[in-house]
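The values are calculated or read from the model by the stated rules, or taken from the named source; none is laboratory data. The structure presented is a predicted model; accordingly, all values stated were derived computationally and were not measured. Here the Cβ positions follow ideal geometry from the backbone for every residue, glycine too, while neighbour counts run over all protein chains shown. For the accessible areas, the whole protein counts, side chains as well, though only heavy atoms, and no ligand, DNA or RNA atoms are used. Shrake-Rupley method; radii C 1.70, N 1.55, O 1.52, S 1.80 Å.
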Amino acid sequence: MSKFSKPSDNITEYELQRLNKLRRYDIIDSPPELLFDLIAEIAKTTFKASGSFISFIDEAKIYFKANTSPIPVSVIEKEDSLCVVASQTAEITLIEDTHSYPEISNNAYVKMDNGIRFYAAAPIITMEGFIIGTVSVIDEKPRHDIEQDQLLVLKWLARITLEKLESRLINRISVRAYDDRLHRLAHDMKNPATSLIAYGQLLDKGLLSQEKLVSLGKKIEQTGRNIEQTMNNLLNEAKNENAAIDLRFETVEVINLINAAAATFDSTLKEKQQTLKISCQTDGYIQVDQERINDVLNNLLSNAIKYSHEGATIEIICSEEANSIIFEFKDNGLGLTREDISKLFTKFAKLSSVPTAKERSNGIGLYIVKTLVQLHGGKVWASSAGKNLGSSFFISLPKQESLPITD
């Protein structure tokens, strides 16, 4: 197969999961943002190129979040994109002269006047291993002067792009939680506010007896206390940034959740020559927001892979207690110090270990895990015998006693 062959049009399970992850970022067909524009400018300047792109690969089209090139496009068909070709590998794609490859020489943007003769792209890879887009540079003339340092910068820019996507996602969750609380507050305050207006109008008329004045005073006092309680409830909820996230619960078999996580990271495990062992000691069910819990399991398995050496064995162990299902993600990798354990599950925690293959780690994954597990009424914790002695991460979720009866 050619180095630059395009992928099959068949929709695979990987592609469905990749598209789902891409759409979670809410980046498709979104307006320009300064940081993305700056990333594209840095790429263009680094290569002294005529243009650069930050592009995302949807089901049928390519969307450009940033475009510094002379080609005035914001969206194109997948069949016309070199980005799709570059997305077939986790490595940087370097095409010094597009006319040297018959497979891409008929591309619409290659054969156009002053078309693309040079192309280099670094894939934007999520923590689950999904390639959702690229940071790329182009030139209208062949380039045989590219150095490794320039390609390394391109790779870094792709990682920075993903960091921005992750931070946007967290901010959107927080804003949505705030917005939900604000709307609920407005709804909850509407009735007492209407009552206070009515009480004020009665007082203004001066027609009430002493007995009715006393009664009205008590109603005003109780309305005020209700408002105070509503405000206190809002302030308590605000302590948890994500307290108002809308969860969509459904009944899911435990083993199906584990198998989905394993399938997501199949290629990543193969790349590091690691073995995943699954030991599910329950045939139970849990009631969860499946999308959110998939995020939790994927995050923990991703960390186990990243912090384990090539050829290592990773285990997912699932057991059942009286009222809970316990998931354990166990590795024999870099381990945790006591200080590390004390900082786990906090936002932007800086731990002593770094991923064994220099994979990305942004310090917010475990914070998200804790938040989502707690919203499900569960618990999360970790243990380690010490540095270089491996670690185990646990989550506990309430067990559903029996499978609901369906018609």
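Looking at LEU154, LEU169, which one is within 26 Å of the chain's Cα centre (by Cα) and modelled with pLDDT of 95 or more? Of the residues listed, the single one that is within 26 Å of the chain's Cα centre (by Cα) and modelled with pLDDT of 95 or more is LEU154. For LYS358, the requirement of being outside any strand (DSSP E or B), open to solvent by 60 Å² or more (accessible area, probe 1.4 Å) and modelled with pLDDT of 85 or more is not met.
Checked against the criteria, ALA66 counts as open to solvent by less than 10 Å² (accessible area, probe 1.4 Å) and either among the polar types (S, T, N, Q) or modelled with pLDDT of 90 or more (or both).
Yes/no matrix, rows are residues, columns are (1) touching a residue at least 60 places away in the same chain (Cβ under 8 Å); (2) closer than 30 Å to LEU301 by Cβ; (3) buried (at least 22 other Cβ atoms within 10 Å of the Cβ); (4) in contact with a strand residue (DSSP E or B) (Cβ under 6 Å, 6 or more places away or on another chain):
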residue	(1), (2), (3), (4)
ILE42	yes, no, no, no
SER52	yes, no, yes, yes
PHE56	yes, yes, yes, yes
SER81	no, no, yes, yes
GLN88	yes, yes, no, no
ASN106	no, no, no, no
MET112	no, no, no, no
ILE131	yes, yes, no, yes
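With respect to ILE286, determine if the residue is outside any strand (DSSP E or B), hydrophobic (A, V, I, L, M, F, W, C), closer than 20 Å to LYS370 by Cβ and in contact with a Leu (Cβ under 8 Å, 6 or more places away or on another chain). Before the answer, list the steps.
Details: outside any strand (DSSP E or B): no; hydrophobic (A, V, I, L, M, F, W, C): yes; closer than 20 Å to LYS370 by Cβ: yes; in contact with a Leu (Cβ under 8 Å, 6 or more places away or on another chain): yes.
So ILE286 fails the test.
Yes or no: SER308 surrounded by fewer than 20 Cβ atoms within 10 Å (Cβ to Cβ), at negative phi, small (Gly, Ala, Ser) and touching a strand residue (DSSP E or B) at 6+ places or on another chain (Cβ under 6 Å)?
Details: surrounded by fewer than 20 Cβ atoms within 10 Å (Cβ to Cβ): no; at negative phi: yes; small (Gly, Ala, Ser): yes; touching a strand residue (DSSP E or B) at 6+ places or on another chain (Cβ under 6 Å): yes.
No; evaluated as a whole, the condition is false for this residue.
Of the residues ILE92, ILE116, the single one that is more than 18 Å from LYS141 (Cα to Cα) and either open to solvent by less than 20 Å² (accessible area, probe 1.4 Å) or of a type in the set (Val, Ile, Thr) (or both) is ILE92.
Tally time: how many residues in the stretch 361-382 are modelled with pLDDT of 90 or more, open to solvent by 50 Å² or more (accessible area, probe 1.4 Å) and small (Gly, Ala, Ser)? The number of residues fulfilling the criteria is 0.
When the stretch 320-347 is limited to residues that are in a loop (DSSP other than H, G, I, E, B) and at pLDDT below 90, the one that is farthest from GLU163 (Cα to Cα) turns out to be ALA322.
Considering only the stretch 293-320, how many residues are within 22 Å of ILE125 (Cβ to Cβ) and touching a helix residue (DSSP H, G or I) at 6+ places or on another chain (Cβ under 8 Å)? Walk me through how you get there before you give the answer.
Within the stretch 293-320, the subset within 22 Å of ILE125 (Cβ to Cβ) is 294-312, 314.
Checking which are touching a helix residue (DSSP H, G or I) at 6+ places or on another chain (Cβ under 8 Å) leaves us with 294-303, 305, 314.
Total satisfying the criteria: 12.
Scanning the stretch 139-152 for residues that are open to solvent by less than 40 Å² (accessible area, probe 1.4 Å) and within 29 Å of TYR14 (Cα to Cα) yields a single hit, LEU151.
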